[in-house]
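One structure is given here, and the rest of the page talks about it.
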Amino acid sequence: MKILVIGVNYAPEPVGIGPYTAGLAETLAAAGHAVEAIVAEPYYPDWERATGTVPTHGQRTVERRVGVIRCRTYIPQRPTGRRRILHAGSFGLSALPHAIRAAMRLRPDIVFAVAPSLLSLPTAWIAARLSGAKLWIHVQDFEVDAACATALIAPDSALIRAARWLERRLLAMADRVSTISPQMLAKLGSLGLPSNRTYQLRNWANSGFAPDPVEAGRYRDEWGLGDRKVALYSGSIANKQGIEIIVEAARCLSARDDIAFVICGNGPNRERLAMVAAGMPNVQIHDLQPSVRMGGLLALAHVHLLPQIAGAADLVLPSKLSNMLSSGRPVITTAVPGTGLAIEVEGCGIVTPPGNAVALAQAVAALADDPGMADRLGRCGTVRACERWSQGEILARLEIEFEHILLEGQPVAEPAVIPARRSELPIK
């Protein structure tokens, strides 16, 4: 197959959507498919061009068998709602000429577009129509609802009403629309998409992040943690996470000298978070750690923290969750019971109410005081990660679904047969 991927985020961005778009493209290329990707220059999660990267000005390079074109994009240092729209629109416009040329040169079978951003989807639609390809849209975040939930844009504004109308129209253009959780699939249904045109494509656990106790010991020495139990958050520091609750929980446990809260991350809210945590000896804030040390960071944690603000738990499923569970450490998340995030964590950790720092602190203390419970929940998380977040199985199923979508509408003299090499895997 020939596949053209269009999406804002891509490696070497260390967190968020980028590693998954790159992993998908690289895995398909390694399987023998011709894959090209049109993406933005790396900027996330710092919202500034990544240091050490050389602008390619739209030139095509080959990265792990994938032809990659990086487009210059407007990157706001303070990503407000309207500036995010300009950022997304600038990528869509910058990517358009490259997408047209790639469509005519590659003649892809499938154009795979990743949302965010919705504003890049018209570019993907044009590329698909020019080449006669199937258009597949993959929704990592419902960005319109997330903008409302995080107060980036007023929910009753004309801008949001226009965005909701545009969201429905753009998703309806696709031959197939995928997303990453059952609850987000239900959201696609509420937008009018029939179930035969939707597909669950989960993010996966990174098998290269196996817990590394030796590296964890180095972290303890470097950061002066001693033998304290670590409540760890690692990832983007932005609006939808509500990271401030971690500092509030740490304040509740300030008398516990056996517990340390460690936050590793970058993003637009980091400076404000550092101000809130100033002078607290049980809170440390560090930069995102390099992927080569991620096994040590995961092993450093006694418990992983996964805060989300109220209203966001069914709009996004944090990609970091899969690696948290596979680490064998329990997870504490702030989510409403019954939401997708709560369901994923139940049995592998503790779910506390969004915005309730006291409840979060109590959960951290409970797991610190009961190592047996922490170990039991952590083992359950490892099993769940293997069952639900295996990269090989997830992408093997995706290949089969690609083959199915290419057969749709084609006249056949006899029933179509899916190649037997992976026919033992379920379709969904």
### Summary
Taking first residues from the range 157-168 that are within 15 Å of S117 (Cβ to Cβ) and second residues anywhere that are in a helix (DSSP H, G or I), the pairs with Cβ under 7 Å that are 6 or more apart or on different chains are A163/V144; L166/L118; E167/L118; E167/V144
### Message
Tally up the residues in the range 163-206 that are of a type in the set (G, A, S) and within 19 Å of T123 (Cα to Cα), please.
### Response
4
### Task
Keeping to the range 285-295, report how many residues are modelled with pLDDT of 95 or more and crowded, with 16+ Cβ neighbours inside 10 Å.
1
### Message
Can you report the number of residues in the range 366-381 which are surrounded by 19 or more Cβ atoms within 10 Å (Cβ to Cβ) and either over 26 Å from the mean Cα position of the chain (by Cα) or outside any helix (DSSP H, G or I) (or both)?
### Response
2
## Note on the structure
Filtering the range 238-272 down to residues that are more than 21 Å from the chain's Cα centre (by Cα) and assigned to a loop (DSSP other than H, G, I, E, B) yields L253, S254, A255, R256, D257, D258
### Summary
Within the range 78-130, the residues that are among the small types (G, A, S), in a helix (DSSP H, G or I) and either touching a helix residue (DSSP H, G or I) at 6+ places or on another chain (Cβ under 8 Å) or not assigned by TED's automatic domain parsing to the domain that holds T56 (or both) are G81, A88, G89, G92, A95, A99, A102, A103, S120, A124, A127, A128
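When you look at T334, is it in the same structural domain as G226 (by TED's automatic domain parsing), surrounded by fewer than 23 Cβ atoms within 10 Å (Cβ to Cβ), within 20 Å of the chain's Cα centre (by Cα) and at pLDDT below 95, yes or no?
It is false that T334 is in the same structural domain as G226 (by TED's automatic domain parsing), surrounded by fewer than 23 Cβ atoms within 10 Å (Cβ to Cβ), within 20 Å of the chain's Cα centre (by Cα) and at pLDDT below 95.
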### Summary
Here the residues within the range 75-90 that are within 19 Å of A11 (Cα to Cα) and out of contact with any Phe, Trp or Tyr (no Cβ under 8 Å at 6 or more places or on another chain) are A88
### Query
Taking the stated definitions as given, is Y219 within 17 Å of the chain's Cα centre (by Cα) and either in a strand (DSSP E or B) or farther than 27 Å from F112 by Cα (or both)?
no
### Residue among R60, R82 that is closer than 26 Å to A147 by Cα and more than 21 Å from the chain's Cα centre (by Cα)
R82
### Matching residues, the range 36-77, being in contact with a Ser or Thr (Cβ under 9 Å, 6 or more places away or on another chain) and part of a strand (DSSP E or B)
A37, I38, V39, A40, G67, V68, I69, R70, C71
### A299 vs. criteria surrounded by fewer than 24 Cβ atoms within 10 Å (Cβ to Cβ), farther than 28 Å from H138 by Cα and out of contact with any Phe, Trp or Tyr (no Cβ under 7 Å at 6 or more places or on another chain)
yes
#### Entry: Verdict on N282 being crowded, with 18+ Cβ neighbours inside 10 Å, farther than 28 Å from V383 by Cβ and in contact with a Leu (Cβ under 9 Å, 6 or more places away or on another chain)
yes
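Results for (1) in a strand (DSSP E or B); (2) among the acidic types (D, E); (3) more than 20 Å from the chain's Cα centre (by Cα), shown as yes or no for each residue.
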| site | (1), (2), (3) |
| --- | --- |
| R161 | no, no, yes |
| W165 | no, no, yes |
| R168 | no, no, yes |
| A174 | no, no, yes |
| K187 | no, no, no |
| Y199 | yes, no, no |
### Task
Look through S190, S195, S254, S236 and report the one residue that is of a type in the set (S, T, Y) and either buried (at least 16 other Cβ atoms within 10 Å of the Cβ) or under 18 Å from P14 (Cα atoms) (or both).
S236
### Query
Which ones in the range 2-24 are touching a Pro at 6+ places or on another chain (Cβ under 8 Å), of a type in the set (V, I, T) and modelled with pLDDT of 95 or more?
I3, V8
### Task
Specify the residue that is modelled with the lowest pLDDT; the eligible residues are those in the range 41-85 that are hydrophobic (A, V, I, L, M, F, W, C) and crowded, with 16+ Cβ neighbours inside 10 Å.
I85
### Query
Here is a list of conditions, (1) farther than 30 Å from G265 by Cα; (2) buried (at least 20 other Cβ atoms within 10 Å of the Cβ); (3) touching a residue at least 40 places away in the same chain (Cβ under 8 Å), and A29 meets all of them except one; can you say which number that is?
(3)
### Message
Cβ-Cβ distance below 9 Å, separation of 6 or more or different chains: which pairs start in the range 208-219 with a residue that is surrounded by 13 or more Cβ atoms within 10 Å (Cβ to Cβ) and end on one that is assigned to a loop (DSSP other than H, G, I, E, B)?
### Response
F209/S327; A210/S327; P211/S327; P211/G328; P211/R329; A216/A301; Y219/L225; Y219/Q289
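The values are calculated or read from the model by the stated rules, or taken from the named source; none is laboratory data. The structure presented is a predicted model; accordingly, all values stated were derived computationally and were not measured. Heads up, the Cβs are rebuilt from the backbone with ideal geometry, glycines too, and the neighbour counts pull from every protein chain shown.
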